[in-house]
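K.L.:
Just passing along the structure, written as structure tokens.
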Amino acid sequence: REEEEEEKKKKKKKKKEEEEEEEEEEEREEEEEEEEEEKKRRRRRRRRRREKKKKKKKKKKKKKKKKKKKKKKKKKKKKKKKKKKKKKKKKKKKKKKEEEKKKKKKKKKKKKKKKKKKKKKEEEEEEEEEGCACPDKP
């Protein structure tokens, strides 16, 4: 009878131990599962974050490109304007030079004309003097 009781006790103990072990095993499995889930979640989160960052970067790059394009356009416009201004200035300078040349030519012509007139007048006076002197002489 005592042996039976002991046997029963042993069996009970064994059963209890087995149950505990099973419970522990289940717990362990659950924990592992949770860990896996957590890992997955983390991975997903990281991935999402990375993708978001990439998207943001891309957007920024696009914006920068747009800005650059705009700037380039502006620069081009400015350059064009500058070129136009330069051209205008050059034209003005050329015109001024031409005017100056014309004025000089006119002045020269006038001077020449004046000189010619003076010479003619002098010659006429000389001829008159000679003409006057000739008939006067007997």
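K.L.:
Relative to the Cα centre, what is the charge dipole magnitude of the chain, using +1 at the beta carbon of each Lys and Arg, -1 at the beta carbon of each Asp and Glu, and rounding to the nearest 20 debye?
P.N.:
Value, rounded to 20: 5940 debye.
K.L.:
Rounded to a whole number, what is D in µm²/s for region 1-80 from Stokes-Einstein with the Kirkwood radius over alpha-carbon pairs (25 °C, 0.890 mPa s)?
P.N.:
In µm²/s, the coefficient rounds to 129.
K.L.:
Taking a temperature of 37 °C and a viscosity of 0.692 mPa s, what whole-number D in µm²/s does Stokes-Einstein yield for the chain with Rh from Kirkwood over alpha carbon pairs?
P.N.:
In µm²/s, the coefficient is 117.
K.L.:
Follow-up question, since we're still on this one. Springs between alpha-carbon atoms under 10 Å, Gaussian network over the chain: tell me which of Lys95, Lys112, Lys63 tops the mean-square fluctuations.
P.N.:
Of the options given, Lys112 has the highest mean-square fluctuation.
K.L.:
Right, next: Step through the residues of region 113-123 one at a time and calculate ³J(HN,Hα) from phi using the Karplus curve (6.51 cos²θ - 1.76 cosθ + 1.60, θ = phi - 60°), rounding each to whole Hz and writing x for Gly and Pro.
P.N.:
My calculation for region 113-123 gives 4, 4, 4, 4, 4, 4, 4, 4, 4, 4, 4 Hz in order.
Every number in this text was worked out from the coordinates using simple rules, so none of it is lab data. The structure displayed is predicted, hence computed values, not measured ones. Cβ sites come from the backbone with ideal geometry, for glycine too, and all protein chains shown count toward neighbours.
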